[in-house]
1. Here is a list: Ala180, Ala196, Ala191, Ala186. Which entry is more than 30 Å from Gly88 (Cα to Cα) and surrounded by 15 or more Cβ atoms within 10 Å (Cβ to Cβ)?
2. Considering segment 39-78 alone, what residues qualify as being small (Gly, Ala, Ser) and assigned to a helix (DSSP H, G or I)?
3. Which pairs have Cβ atoms under 8 Å, sit 6 or more apart or on different chains, and link a residue in segment 249-265 that is farther than 18 Å from Leu202 by Cβ to one that is hydroxyl-bearing (Ser, Thr, Tyr) and modelled with pLDDT of 90 or more?
4. Taking Ile95 as meeting all but one of (1) of a type in the set (Val, Ile, Thr); (2) under 29 Å from His76 (Cβ atoms); (3) exposed (fewer than 15 other Cβ atoms within 10 Å of the Cβ), write down the number of the exception.
5. Given the structure, is Arg122 in a loop (DSSP other than H, G, I, E, B) and closer than 30 Å to Arg90 by Cα?
6. Answer yes or no: is there a residue in segment 22-29 that is at pLDDT below 90, touching a Leu at 6+ places or on another chain (Cβ under 9 Å) and either surrounded by 11 or more Cβ atoms within 10 Å (Cβ to Cβ) or not basic (Lys, Arg) (or both).
7. For segment 200-209, which residues satisfy the criterion of being surrounded by 13 or more Cβ atoms within 10 Å (Cβ to Cβ), over 21 Å from Arg255 (Cα atoms) and either touching a Cys at 6+ places or on another chain (Cβ under 6 Å) or not small (Gly, Ala, Ser) (or both)?
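The values are calculated or read from the model by the stated rules, or taken from the named source; none is laboratory data. What you see is a predicted model; the values in this text were computed from it and never measured. Glycine gets a Cβ as well: all are built from the backbone with ideal geometry, and neighbour counts include every protein chain shown.
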Amino acid sequence: MSSALSFSSASLNPYYHLFFTILALFISGLIFLLSRKSKSKPLNLPPGPPGWPIVGNLFQVAQSGKPFFEYVDDLHTKYGSIITLKMGTRTWIIISDGKLAHEALIERGACFASRPKENPTRTIFSCNKFSVNAAVYGSVWRSLRRNMVQNMLSSSRIKEFRGVRDSAMDTLIDRLRTEAEANSGAVWVIANVRFAVFCILLSMCFGIEMDDETIVKMDQVMKSVLIVLNPRIDDLLPILSPFFSKQRKRVQEVRKEQTRRKEISSEQ
């Protein structure tokens, strides 16, 4: 579900005609493959809108003209608190009810703790699923989570980082005051708050304090990472991947810059 947060129908529209062109070439063969009777028992999935062959509900999202979660809200009204969407080769189960989410993530946490197969871009940035938010449930998953809780989120460690938080808040106030004086009282709150939070996270992760210029550059790199991690159509329809070579090249460039910045930070 995390990958769906930035997904919107607008991101599909530029490729709308391309979809039909590609599908026209492969539709016969793919429909034949999909129409073959499967020996395995079909999954008992929650209700959802019927989809098209191959693309599932992709075109329905695109044609709605709505942001993704507005479209999903309409579906929840019709189908209930838990729905299924077929997004190309992916199947998404979307929950809107807090009790159901608690049951899935807390009461049955072990069943849903693992992560689905990553798209190629996310695999690169998760070090082949060797990160705390991407690891497959198992020994690595438990080790990463235990390390995060013990060294960052435990009450004793949070107390130790109080000085870091105080310093970041002082910096935030100074930046807001300086910006207000230079712009007749107007300030860009979200940018300055993000800077302060980034200061805290960098200090917690690397154990050092960085100058403002380095922090700004690190923040810019992370923005680039978030941009290239946005879901693309070829993530949902891998058959279209040859048309996204430029985007894949950009992913490699951002990854190299991210790695370089990490090395510089570790050396300071």
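1. When all the criteria are applied, what remains is Ala196.
2. Ala62, Ser64
3. Val254/Ser224
4. Tallying (1) of a type in the set (Val, Ile, Thr); (2) under 29 Å from His76 (Cβ atoms); (3) exposed (fewer than 15 other Cβ atoms within 10 Å of the Cβ), Ile95 fails exactly one: (3).
5. The answer is no for Arg122.
6. Initially, segment 22-29 is screened for residues at pLDDT below 90, giving 22-29.
When the remaining residues are screened for being touching a Leu at 6+ places or on another chain (Cβ under 9 Å), the result is 22-23.
If we keep only those that are either surrounded by 11 or more Cβ atoms within 10 Å (Cβ to Cβ) or not basic (Lys, Arg) (or both) as well, we get 22-23.
Checking segment 22-29: at least one residue is at pLDDT below 90, touching a Leu at 6+ places or on another chain (Cβ under 9 Å) and either surrounded by 11 or more Cβ atoms within 10 Å (Cβ to Cβ) or not basic (Lys, Arg) (or both).
7. Within segment 200-209, Ile200, Met204, Glu209 qualify.
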